[in-house]
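The values are calculated or read from the model by the stated rules, or taken from the named source; none is laboratory data. Since the structure is predicted, the reported quantities are computational estimates derived from the model, not experimental observations. Note that we place each Cβ from the backbone using ideal geometry, even for glycine, and neighbour counts take in every protein chain shown.
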Amino acid sequence: MTPPHPKLRVRDVEIGHRSGRKGTYAHAVDGLSFDVAANEFIAVVGPSGCGKTTFLTAVAGLIPISGGTLELDDRRIDGPGRDRSLVFQQASLFPWRNVVQNIEFGLKAHGRLDAAGRARVAELVELVGLGGKGDKYPRELSGGMSQRVNLARALATDPELILLDEPFAALDAQTREVMQEELTRIWQADGVQAGKTAMFITHDVPEAVFLADRVLVLSRGPAHLVADIHIDLPRPRTPSMKRTPEFLAMSDRIVDLVMAQSQIGKQDQPGRRVTSDDHAGVAAG
Amino acid sequence: MTTQVSQPASPVTGPLERAVNARKGKKLTTGRLGVIGLVVVLGAWQVTASAGWVDASFASSPVGAVKALAHMIGTGELWPPLLSTLESVAYGMIITVVVGIPLGLLIGRSNTLYGLTEPLVSIMYSVPFVVFLPIIIFWFGIGAEARLVIVVWSAIFPLLINVIAGARNVDMHYLQVAKVFCAPRLLTLRSVTFPATLPFVLTGVRQSVGRALVGAIVAELFMGNAGLGYVVQTETSAFKMDDAMAAIVVIAVLAIVLTRSVAWIERRFTFWSSSV
Ligand SMILES: Nc1ncnc2c1ncn2[C@@H]1O[C@H](COP(=O)(O)OP(=O)(O)OP(=O)(O)O)[C@@H](O)[C@H]1O
Ligand SMILES: [Mg+2]
């Protein structure tokens with residue numbers, strides 16, 4: 001399944017954090033390999049703390065990798081680039097900028113905020129369903145609205161690769177469903193953006209299946225690839241698909257894979273670190 | 001989308017409104033108590049002066065001070081010293097702001113610069129600036145430049161301290177957003193670091209305006225030939241206590257007006273901050 005010229009090439013990637021007073025080095029990602037083809041929507045799932053955010057941050061160019069190869073369009077990623085944008089887990093909107101100004105930020109940073117750029121921003125405001133709210137400030141927005149702005153800000157620069165780190169995690173279940181549909185709608189509708197490559201991190205397996213062309217399951221940290229599952233559901237996707245037997249079977253299978261990795265169960269006492277030699281039935285301490 | 005539940009138009013107030021009202025009520029009472037306290041002290045002062053328990057030509061009196069003030073306004077004697085003091089404060093604040101804000105941002109954003117200057121800045125902030133007065137006079141003389149130096153010296157450190165604290169407390173996420181979008185350094189400074197620091201900056205400006213006035217008055221008291229401080233000094237030397245008191249009243253009003261104006265600007269420009 002590996003195309004000769006993938007959009008994103010991930011080979012034996014190793015990323016670590018230096019932390020603590022002694023600066024001990026700990027791997028967050030170790031031996032991660034996969035390819036992403038152009039125009040693919042990839043969802044990444046994996047146990048909490050396995051290194052998903054760390055990996056995405058490295059693809060965004062915010063942190064360096066310590067081993068392996070990480071290439072976008074055959075060029076090594078060695079810093080942030082105009083061809084990528086990142087949707088943060090927290091809305092991280094600038095509270096001193098209104099909706100339009102927040103969405104404009106990326107274009108302004110690229111020095112591309114001309115008439116065409118402004119028109120694009122106006123179009124995005126409508127597209128994410130915030131028409132008429134362009135002059136509102138973040139503190140006047142609901143969580144769902146904030147994430148729409150966050151999404152629009154990332155789309156505005158028309159990136160080759162858009163990275164999304166659990167963008168809907170902080171939302172309530174209802175808003176979340178709405179936002180998933182909105183994202184597929186935007187993805188399918190946005191003229192400039194249509195068919196661009198995306199990497200979407202989530203804890204929510206049905207969300208991953210609903211949105212993605214492929215779901216990658218990562219291992220418990222340090223993360224490597226456990227499974228690479230193609231989602232053959234047709235597009236455009238509709239909410240009713242979530243209730244089809246194929247969808248449910250696919251979700252169940254992935255949930256099982258993730259659960260096998262996280263081994264979240266009775267033996268995982270709060271506050272205790274789960275290590276790889278933890279087995280079920282450890283005597284209570 | 002959030003659904004708006006329409007509230008019944010009942011006179012029942014919610015807990016939030018009650019809390020707000022309670023606080024407003026408290027504020028009002030505090031204000032009233034303040035006025036009462038002021039009236040009591042001024043009244044006692046007036047009574048002791050009128051009854052001859054203290055020598056009014058020695059201790060002045062509220063009525064005497066008000067009369068002197070009215071006279072100063074009437075003859076226009078008040079305006080030149082008032083303008084002179086305002087001018088010192090204004091020039092001092094311009095220099096303080098133009099130097100202090102960029103310098104503070106620079107120090108706050110660089111760990112090396114911060115490490116190098118932090119002890120110096122906090123020492124300079126903590127030591128009462130008046131101890132440097134003789135040295136400043138020795139270096140700069142007692143002319144207008146020396147007065148300006150004193151104003152800036154006394155005003156710049158509160159501003160620096162606040163701007164540095166603000167620049168160091170910029171939310172990491174904001175800077176990451178700037179980085180991801182490859183924002184040039186200057187844009188990051190202007191559109192991210194500066195606005196994120198603005199609440200701190202304005203707090204610093206408010207504090208330093210107060211200190212600038214103190215600096216101006218001190219300079220006028222000790223080495224001036226104009227200004228409200230100079231009036232207090234000369235009138236006291238001439239045993240014209242009513243006039244000295246009148247000048248002090250003007251200084252007090254000036255202090256309140258200046259600080260309140262900056263507080264108003266603060267609210268006006270950081271309206272987006274949820275903590276306001
Ligand atoms: N800045 C950091 N310094 C040191 N260690 C870190 C840092 N950030 C993350 N880590 C560690 O790296 C590992 C992976 O963290 P990461 O945030 O990538 O996980 P994640 O998969 O995104 O988790 P979640 O699903 O809960 O968001 C964790 O063990 C975490 O403790
Ligand atoms: Mg994460």
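Across segment A:27-45, what is the total count of residues that are out of contact with any Ser or Thr (no Cβ under 7 Å at 6 or more places or on another chain) and not charged (D, E, K, R)?
Counting residues in segment A:27-45 that are out of contact with any Ser or Thr (no Cβ under 7 Å at 6 or more places or on another chain) and not charged (D, E, K, R) gives 9.
Given the structure, is A:D158 touching a helix residue (DSSP H, G or I) at 6+ places or on another chain (Cβ under 9 Å), surrounded by fewer than 17 Cβ atoms within 10 Å (Cβ to Cβ) and more than 17 Å from A:T202 (Cα to Cα)?
Numbers: touching a helix residue (DSSP H, G or I) at 6+ places or on another chain (Cβ under 9 Å): yes; surrounded by fewer than 17 Cβ atoms within 10 Å (Cβ to Cβ): no; more than 17 Å from A:T202 (Cα to Cα): yes.
It is false that A:D158 is touching a helix residue (DSSP H, G or I) at 6+ places or on another chain (Cβ under 9 Å), surrounded by fewer than 17 Cβ atoms within 10 Å (Cβ to Cβ) and more than 17 Å from A:T202 (Cα to Cα).
Is there a residue being within 16 Å of ligand 2 (Cβ to nearest atom) and either among the aliphatic types (A, V, I, L, M) or without any contact (Cβ under 8 Å) to a residue 60 or more places away in the chain (or both) anywhere in segment A:70-87?
yes
Say we look at segment A:45-79 and pick out the residues that are facing another protein chain (nearest Cβ under 10 Å) and either at pLDDT 95 or above or within 16 Å of ligand 1 (Cβ to nearest atom) (or both); which of these is surrounded by the fewest Cβ atoms within 10 Å (Cβ to Cβ)? Give the derivation first.
To start, the set of residues in segment A:45-79 that are facing another protein chain (nearest Cβ under 10 Å) comprises A:57, A:60-62, A:79.
Cutting the leftovers down to either at pLDDT 95 or above or within 16 Å of ligand 1 (Cβ to nearest atom) (or both) gives us A:57, A:60-62.
On the way: A:T57: 20, A:A60: 23, A:G61: 20, A:L62: 15.
Applying the filter and picking the extreme gives A:L62.
Check B:V250, B:V218, B:V205, B:V262 and return the single one that is of a type outside the set (D, E, K, R) and over 28 Å from B:M124 (Cα atoms).
Going through B:V250, B:V218, B:V205, B:V262 in turn, just one is of a type outside the set (D, E, K, R) and over 28 Å from B:M124 (Cα atoms): B:V250.
Can you name the residue in segment A:48-69 that is more than 12 Å from the chain's Cα centre (by Cα) and β-branched (V, I, T) and is also nearest to ligand 2 (Cβ to nearest atom) among such residues? Explain how you work it out, then say what you get.
Residues of segment A:48-69 that are more than 12 Å from the chain's Cα centre (by Cα), as a first pass: A:48-51, A:58, A:61-69.
When the remaining residues are screened for being β-branched (V, I, T), the result is A:63, A:65, A:69.
Numbers: A:I63: 13, A:I65: 17, A:T69: 23 Å.
Among residues in segment A:48-69 that are more than 12 Å from the chain's Cα centre (by Cα) and β-branched (V, I, T), the one nearest to ligand 2 (Cβ to nearest atom) is A:I63.
Can you give me the number of residues within segment A:131-161 that are away from ligand 2 (no atom under 16 Å from the Cβ), in contact with a strand residue (DSSP E or B) (Cβ under 6 Å, 6 or more places away or on another chain) and either within 11 Å of chain B (Cβ to nearest Cβ) or of a type in the set (K, R) (or both)?
3
What residue, among those in segment B:138-191 that are at the interface with chain A (Cβ under 9 Å from one of its Cβ atoms) and aromatic (F, W, Y), is surrounded by the fewest Cβ atoms within 10 Å (Cβ to Cβ)?
The qualifying residue surrounded by the fewest Cβ atoms within 10 Å (Cβ to Cβ) is B:Y174.
Could we say that A:S85 is among the small types (G, A, S), within 12 Å of chain B (Cβ to nearest Cβ) and part of a strand (DSSP E or B) here?
Judged against the criteria, A:S85 is a match.
What are the residue pairs meeting all of these: first residue in segment A:135-155, first residue among the β-branched types (V, I, T), second residue crowded, with 21+ Cβ neighbours inside 10 Å and part of a helix (DSSP H, G or I), Cβ atoms under 7 Å, and 6 or more apart or on different chains?
What qualifies is A:V149/A:V99; A:V149/A:N102; A:V149/A:I103.
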